[in-house]
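The values are calculated or read from the model by the stated rules, or taken from the named source; none is laboratory data. On a predicted model such as this, the values are computed, not experimentally measured, just so you know. Virtual Cβ from ideal backbone geometry, glycine too; neighbours counted across all protein chains shown.
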Amino acid sequence: MGSGPLGDASTTAQVHPARLTCALAERATQAGCTVIQQQVVAVEALPGVSLRSGAAADSAAPGTPQYTITTQGGQKHGPFSAVVLATGAWIECANAWLPGVVPFGWRNVKVHSVVLQAAAAAATSCTATCAGSAGQVAVDSCQPSPHPGAQATSQGTVCLQEHPRALPATMLFVHDGEQGLEPEVYPRPCGEVYSCDISSDTPVPETPAEVQPDAGSCEKLEKFLRGLGGGLDDTDAFPLKAAQACYLPYAPGDQPIIGPSDVYPGVFIGAGHNCWGILLGPATGLLLAHQVLQQPVHFLSKDTVQSLAPGSTNCKKQPAVARAEQAVSQT
Ligand SMILES: Cc1cc2nc3c(=O)[nH]c(=O)nc-3n(C[C@H](O)[C@H](O)[C@H](O)COP(=O)(O)OP(=O)(O)OC[C@H]3O[C@@H](n4cnc5c(N)ncnc54)[C@H](O)[C@@H]3O)c2cc1C
């Protein structure tokens with residue numbers, strides 16, 4: 001058994017996925033966007049939108065309405081000039097809406113995680129300061145119950161100072177050959193301890209809301225976590241806050257697919273981030289924003305942009321029109 005540091009506070013940082021996505025949604029709202037949190041059940045092309053076969057479907061002039069979106073309950077939205085499909089492990093569902101829009105053969109790996117919450121930290125008041133300085137975590141105000149000490153700033157965003165910590169900030173990557181476990185452990189500034197491991201090939205349920213942990217997986221992970229020391233075995237001091245599962249989406253070829261559809265003009269795809277979507281997601285969003293607005297992309301090489309685009313990787317072996325025909329024959 002050995003150990004070694006991967007980095008320090010100047011070279012490493014933690015991202016809290018839920019808070020990051022909430023904060024991005026809030027910023028978008030502040031910038032004038034409307035955020036609708038509903039399940040999409042259909043995307044329909046308006047009459048006259050013709051399928052293409054090529055590296056990227058021709059884009060209409062920005063602003064040309066081309067698609068409507070229907071959400072659960074039957075409410076229709078749009079028409080929209082651009083649609084971004086970014087539904088993670090559910091991306092293949094889009095083929096039922098727009099036949100052949102994404103290649104077939106995605107692989108989704110289910111992974112479990114547990115969160116312990118330090119009772120002491122929950123009772124302690126953290127000092128709120130402004131977001132942006134080192135050692136602080138941005139917490140979006142769309143959190144139903146911000147952590148104690150979190151406080152609204154003038155921008156409507158709340159932030160939480162790292163002090164006082166219930167645990168050291170050190171992340172831990174553990175390998176236990178005997179049990180076949182490799183948990184990652186992330187103590188968070190707000191006194192939570194997040195840990196994930198134990199994968200399975202349980203298929204994705206119909207909707208994300210139906211995802212449940214496999215029987216016994218979170219219990220095994222929690223038991224291992226509590227055995228690591230640091231007082232985590234004390235269930236009063238560190239009660240279980242969450243036991244959950246989510247999916248890593250792997251595109252055919254295992255590389256993310258990001259860019260304009262090679263079949264449907266005005267449709268964009270951002271998916272297949274496998275185990276790196278928290279890190280890569282914001283960059284994916286930036287690239288897609290440039291592509292939707294037809295702005296030049298200066299921050300990535302042409303080759304990189306092309307290699308990520310739908311129509312490269314696996315799609316090459318299955319031309320766009322053939323995919324569309326296959327999708328139609330399967331519906
Ligand atoms: C346990 C675990 C640990 C991880 N650790 C890391 C890490 O340390 N670093 C890292 O970079 N990445 C990590 N990842 C990977 C990362 O979480 C994923 O790569 C990332 O979430 C994928 O982002 P996405 O936006 O493509 O998909 P998702 O995050 O899955 O987002 C897709 C969204 O679409 C929604 N959706 C699906 N269908 C519909 C519909 N019909 N209508 C409306 N909405 C819909 C879903 O509800 C979901 O909110 C981890 C993943 C897991 C499971």
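The set of residues in the range 15-44 that are touching a strand residue (DSSP E or B) at 6+ places or on another chain (Cβ under 6 Å) and over 22 Å from His77 (Cα atoms) comprises Arg19, Ala23. Evaluated against (1) under 30 Å from Pro239 (Cα atoms); (2) modelled with pLDDT under 90, Leu116 falls short on exactly one condition, (2).
Scoring Gln295 on the criteria (1) near the ligand (Cβ under 10 Å from one of its atoms); (2) farther than 27 Å from Ala209 by Cα leaves a single failure, condition (1).
Could you tell me whether any residue of the range 279-288 is touching a Leu at 6+ places or on another chain (Cβ under 7 Å) and not acidic (Asp, Glu)? Checked against the condition, which is being touching a Leu at 6+ places or on another chain (Cβ under 7 Å) and not acidic (Asp, Glu), the range 279-288 yields at least one hit.
Scan Pro310, Pro282 and give me the residue that is out of contact with any strand residue (DSSP E or B) (no Cβ under 9 Å at 6 or more places or on another chain), within 16 Å of the ligand (Cβ to nearest atom) and not aliphatic (A, V, I, L, M).
Pro282
Out of the residues in the range 67-76 that are assigned to a strand (DSSP E or B) and surrounded by fewer than 15 Cβ atoms within 10 Å (Cβ to Cβ), state the one that is nearest to the ligand (Cβ to nearest atom). Among residues in the range 67-76 that are assigned to a strand (DSSP E or B) and surrounded by fewer than 15 Cβ atoms within 10 Å (Cβ to Cβ), the one nearest to the ligand (Cβ to nearest atom) is Gln75. Of the residues screened, Pro239 is not one that is without any contact (Cβ under 8 Å) to a residue 24 or more places away in the chain, surrounded by fewer than 14 Cβ atoms within 10 Å (Cβ to Cβ) and more than 10 Å from the ligand (Cβ to nearest atom). Within the range 8-27, residues that are touching a residue at least 24 places away in the same chain (Cβ under 8 Å) sit with their Cβ atoms under 7 Å from residues that are near the ligand (Cβ under 10 Å from one of its atoms) and outside any loop (DSSP other than H, G, I, E, B), at 6+ positions apart or across chains, in these pairs: Gln14/Tyr186; Val15/Ile278; Pro17/Ile278.
Take the residues in the range 251-273 that are more than 14 Å from Gln306 (Cα to Cα) and surrounded by fewer than 18 Cβ atoms within 10 Å (Cβ to Cβ); name whichever of them is nearest to the ligand (Cβ to nearest atom). Only one residue fits best here, namely Asp254. Give the range 28-42 a look and list any residue that's touching a residue at least 60 places away in the same chain (Cβ under 8 Å) and within 16 Å of the ligand (Cβ to nearest atom), or say none. Within the range 28-42, just Gln39 meets the criteria.
In the range 77-95, the residue that is nearest to the ligand (Cβ to nearest atom) out of those that are more than 23 Å from the chain's Cα centre (by Cα) and not hydroxyl-bearing (Ser, Thr, Tyr) is His77.
For beta carbons closer than 6 Å, sequence separation of 6+ or different chains, a first residue in the range 85-98 that is over 18 Å from Gly259 (Cβ atoms) and a second that is more than 8 Å from the ligand (Cβ to nearest atom) and assigned to a strand (DSSP E or B), the qualifying pairs are Ala89/Asn108; Trp97/Ala42; Trp97/Val43.
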